[in-house]
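The values are calculated or read from the model by the stated rules, or taken from the named source; none is laboratory data. Everything numeric in this text was worked out from a predicted model, so none of it was measured. Glycine gets a Cβ as well: all are built from the backbone with ideal geometry, and neighbour counts include every protein chain shown.
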Amino acid sequence: MNKFVAKYGRILVPLITPYGENEEVDYVQYEKLIDYIITNKLGDSLIVTGTTGEASLLTFDERVKLMETAIKAAAGRMPVIAGTGCASTKETIALAQKAEELGIETCLVVVPFYNKPTQEGIYLHYKKLAENTKVNIMLYNIPIFVGVNMEPETVRRLAEIPNIIGIKDEAGINPTQVTDFFLATKDVDPDFAIYNGDDVMLLPTIVQGAMGLVSGGAQIFGHEIRVIFDAFEAGENEKAKETFEPLYRFCKSTGQNGRILPNSIMRPAIEAVSGIKLGNARLPLAPPTDEEMKVTLGILKDIGKI
């Protein structure tokens, strides 16, 4: 088995960040959410301040405190991975070093956003990060948000660096790129971990050899995602397909009206299933409309989640 998968599992859960009044982070509800995920076995590892956690809308200090809270709440029951990607290399290094100080061993690091770096800029960003921290680094390719794609050749070069150990790919942008990444890295590092980061691409990327899924939807559908992986491995393709369809319907519904980040609709959906108060997303993410929630909650009712 791949070393990363053996340690962190197949289902990595990027945690929603709860807010209370005035969009203040609610760390108490965060602890409750973590305990809910662990107790109900909805995943294998937790990711703090990833895209689902609205990392770009959090301050540096909030992200550090969320890491501290997650470590405390998990209490060794489930591994914690820190999302430490920032717009600048300097801040990315500083946040990864904070994670390292807290004892976190692996960081998920998104391609720097807003600046649209060249492939050489992407390479130099991660190279400098790797040289300035001892944590293991999982690359994170999500061109729909950062504006540039991390090309397979860049990933190959980065895989040569010892503490760069894998990649999460937002596969919906380029459904076959999982295969490209595998072909680019298999001779450089046979243990290089390749994860899909898009719930609706779970089945297509499993076929290509994706080793796991980074899934915001796992906060509701963690059990189903595990069934899908197990069914595929057992050759029970029809079971995998049937189990995947409700997850697909739900995830598609969180993108209503052109929403790219699903958080606004996903938050109340997780609330409805878990009973944990998460609050609205921070602005500029607009709250969900009654019409949008009617669709999404209708799906959850239809499949017996609420």
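Condition first: among the β-branched types (Val, Ile, Thr) and assigned to a loop (DSSP other than H, G, I, E, B). Now tell me which residues in the stretch 156-187 satisfy that.
Just the residues of the stretch 156-187 that are among the β-branched types (Val, Ile, Thr), to begin with: 161, 164-165, 167, 173, 176, 178-179, 185.
Answer for the stretch 156-187, where residues must be among the β-branched types (Val, Ile, Thr) and assigned to a loop (DSSP other than H, G, I, E, B): Ile161, Ile173, Thr176.
Of the residues that sit in the stretch 102-136 and are part of a helix (DSSP H, G or I) and hydrophobic (A, V, I, L, M, F, W, C), which one is surrounded by the fewest Cβ atoms within 10 Å (Cβ to Cβ)?
Of all residues in the stretch 102-136, those part of a helix (DSSP H, G or I) come to 119-131.
From what's left, hydrophobic (A, V, I, L, M, F, W, C): 122, 124, 129-130.
Working: Ile122: 23, Leu124: 13, Leu129: 24, Ala130: 20.
Filtering first and then ranking leaves Leu124.
Can you find, within the stretch 137-155, the residue that is surrounded by the fewest Cβ atoms within 10 Å (Cβ to Cβ) among those that are outside any helix (DSSP H, G or I) and touching a strand residue (DSSP E or B) at 6+ places or on another chain (Cβ under 7 Å)? So that I can check it myself, show each step before the final result.
Our first condition is that a residue be outside any helix (DSSP H, G or I); within the stretch 137-155, this holds for 137-142, 147-151.
Of the ones still in play, those that are also touching a strand residue (DSSP E or B) at 6+ places or on another chain (Cβ under 7 Å) are 137-142, 149-150.
On the way: Ile137: 23, Met138: 23, Leu139: 26, Tyr140: 27, Asn141: 24, Ile142: 23, Asn149: 19, Met150: 25.
Ranking the candidates gives Asn149 first.
Looking at Ala94, Ala75, Ala99, Ala6, which one is without any contact (Cβ under 8 Å) to a residue 40 or more places away in the chain, out of contact with any Asp or Glu (no Cβ under 7 Å at 6 or more places or on another chain), among the hydrophobic types (A, V, I, L, M, F, W, C) and buried (at least 22 other Cβ atoms within 10 Å of the Cβ)?
One residue alone meets the criteria, Ala99.
Output the number of residues of the stretch 9-54 satisfying the condition of being assigned to a helix (DSSP H, G or I), of a type in the set (Phe, Trp, Tyr) and touching a residue at least 60 places away in the same chain (Cβ under 8 Å). Talk me through it step by step, then tell me what you get.
At the first step, the residues of the stretch 9-54 found to be assigned to a helix (DSSP H, G or I) are 21-23, 27-39.
Retained after the next criterion (residues that are of a type in the set (Phe, Trp, Tyr)): 27, 30, 36.
Add one more test, that the residue is touching a residue at least 60 places away in the same chain (Cβ under 8 Å), and what stays is 36.
The total comes to 1.
Mind listing whichever residues of the stretch 247-266 are buried (at least 19 other Cβ atoms within 10 Å of the Cβ), closer than 29 Å to Asp230 by Cβ and in contact (Cβ under 8 Å) with a residue 40 or more places away in the chain? Show your work before the answer.
First, the residues of the stretch 247-266 that are buried (at least 19 other Cβ atoms within 10 Å of the Cβ): 247, 250-251, 253-254, 261-266.
Checking which are closer than 29 Å to Asp230 by Cβ leaves us with 247, 250-251, 253-254, 262-263, 265-266.
Leu247, Phe250, Cys251, Ser253, Thr254, Pro262, Asn263, Met266, listed by residue number.
Any idea which of Ala286, Ala231, Ala269 is at pLDDT 95 or above, surrounded by 16 or more Cβ atoms within 10 Å (Cβ to Cβ) and within 24 Å of Gln29 (Cβ to Cβ)?
Numbers: Ala286 fails: surrounded by 16 or more Cβ atoms within 10 Å (Cβ to Cβ); Ala231 fails: within 24 Å of Gln29 (Cβ to Cβ).
When all the criteria are applied, what remains is Ala269.
Restricting attention to the stretch 106-114, does a residue exist that is touching a Cys at 6+ places or on another chain (Cβ under 8 Å) and among the aliphatic types (A, V, I, L, M)? Outline the logic, then answer.
Pass one, the stretch 106-114, residues touching a Cys at 6+ places or on another chain (Cβ under 8 Å): 112.
Among the residues that remain, those that are also among the aliphatic types (A, V, I, L, M) are: none.
There is no residue in the stretch 106-114 that is touching a Cys at 6+ places or on another chain (Cβ under 8 Å) and among the aliphatic types (A, V, I, L, M).
Is it fair to say Asp61 is closer than 21 Å to Val109 by Cα and either modelled with pLDDT under 95 or touching a Lys or Arg at 6+ places or on another chain (Cβ under 7 Å) (or both)? Let's see the steps before the verdict.
Numbers: closer than 21 Å to Val109 by Cα: yes; either modelled with pLDDT under 95 or touching a Lys or Arg at 6+ places or on another chain (Cβ under 7 Å) (or both): no.
In short, no.
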